[in-house]
1. Out of A37, A26, I need the residue that is open to solvent by less than 60 Å² (accessible area, probe 1.4 Å) and either at pLDDT 85 or above or in contact with a Lys or Arg (Cβ under 9 Å, 6 or more places away or on another chain) (or both). Which one?
2. Would you confirm whether or not segment 1-23 contains a residue that is part of a helix (DSSP H, G or I), open to solvent by less than 80 Å² (accessible area, probe 1.4 Å), touching a Leu at 6+ places or on another chain (Cβ under 6 Å) and not polar (S, T, N, Q)?
3. So, L50, is that one touching a Leu at 6+ places or on another chain (Cβ under 8 Å) and either exposed (fewer than 10 other Cβ atoms within 10 Å of the Cβ) or in a helix (DSSP H, G or I) (or both) or not?
Amino acid sequence: MSKNAKIAAGGVAAGIVLLIWLPWWAALLIVLGVPAAAYLTLDPSQRRRLRRVGRKELGR
């Protein structure tokens, strides 16, 4: 299994656990809020690089 597949599987497992333990709105807030907060902590140059890499991968 590739590294990205392991990360995706871990994310799905964490999401299921959150939905069981927390109300749906709290789980949704965590699932959407954590990546958004991580993106906002990046420098502007890192954000540009991340957007550029993302576009290149989408064009494959």
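The values are calculated or read from the model by the stated rules, or taken from the named source; none is laboratory data. All of these numbers come straight from a predicted model, not from anything done at the bench. Cβ coordinates were reconstructed from backbone atoms using ideal geometry, including for glycine residues, and neighbour counts include every protein chain displayed. To get the accessible areas, we keep the full protein, side chains included, count just its heavy atoms, and leave off ligands, DNA and RNA. Shrake-Rupley method; radii C 1.70, N 1.55, O 1.52, S 1.80 Å.
1. A37
2. No; the residues of segment 1-23 include none that is part of a helix (DSSP H, G or I), open to solvent by less than 80 Å² (accessible area, probe 1.4 Å), touching a Leu at 6+ places or on another chain (Cβ under 6 Å) and not polar (S, T, N, Q).
3. yes
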